[in-house]
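Here's the structure, in structure tokens; my notes come after.
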Amino acid sequence: MSQPWQPQTPHERAVMDVLVAIRAFSDAMDRMYGGMKGDMEMNATDLAALRMLIMREQRGDTVSPHQVAKHLRISTASTTKLIDRLALAGHVERRPHPRDRRARIVVLTQTSRSEFYRHFGERLQLMRGIATRYDDRELAVIARFLSEVGDVLDPK
């Protein structure tokens, strides 16, 4: 059995500090989303679907049920049940695709969008306040780093 990595140089200690900070950040996100799940009375997959819809909406993208299934890595049958459950609870609606009337898209309801931002809006403002303390060059490095870490954690 191998021993845990022990940093030896100042650079290695800095790398370890970053890895510890990532773990702490991940734990904080888990606790935040755990609280939201309870407040919004939904399971982790439901909340992950809403987060995906929020992010895609902010980019101006439409979302098909197939894209939801692919993002969550669940079957199409499970996706149908998930969308049915979210629609019944008033969180999403199925609508015709704006360019392909044969296809359907999934959109957040205004109620769900408002509820999501009610839970997350204050934290988002606080995070934005932290980000404004960094200059553009530092923010570019942070964004690149987080993107690369995300790619390692969740390869496409």
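Coordinate-derived values only; no laboratory data. Source: prediction; values computed, not measured. When we count neighbours, we look across all protein chains shown, and the Cβ atoms used for this are built from the backbone with ideal geometry, even at glycine.
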Filter region 52-77 for residues that are touching a residue at least 24 places away in the same chain (Cβ under 8 Å) and part of a helix (DSSP H, G or I); which is nearest to Pro96 (Cα to Cα)? Pro65
Have a look at Ser112, Ser147 and point out the one that is surrounded by fewer than 12 Cβ atoms within 10 Å (Cβ to Cβ) and in a helix (DSSP H, G or I). Ser147
Hey, does region 96-112 have a residue that's under 28 Å from Pro155 (Cα atoms) and not aliphatic (A, V, I, L, M)? yes
Being surrounded by 15 or more Cβ atoms within 10 Å (Cβ to Cβ) and acidic (Asp, Glu) is the filter here, so list the residues in region 115-142 that pass it. Glu115
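Report whether or not Arg102 is in contact (Cβ under 8 Å) with a residue 24 or more places away in the chain and basic (Lys, Arg). Give the steps one after another, and end with the answer.
Numbers: in contact (Cβ under 8 Å) with a residue 24 or more places away in the chain: no; basic (Lys, Arg): yes.
So Arg102 fails the test.
Every residue in region 52-93 that is closer than 16 Å to Gln110 by Cβ, more than 15 Å from the chain's Cα centre (by Cα) and either among the hydrophobic types (A, V, I, L, M, F, W, C) or exposed (fewer than 13 other Cβ atoms within 10 Å of the Cβ) (or both), please.
To start, the set of residues in region 52-93 that are closer than 16 Å to Gln110 by Cβ comprises 53-54, 57-58, 86-87, 89-93.
So of that shortlist, the ones also more than 15 Å from the chain's Cα centre (by Cα) come out as 86-87, 89-93.
The answer is Leu86, Ala87, Ala89, Gly90, Val92.
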I'd like to verify a number: residues in region 84-109 that are assigned to a helix (DSSP H, G or I) and in contact with a strand residue (DSSP E or B) (Cβ under 6 Å, 6 or more places away or on another chain), how many? 1
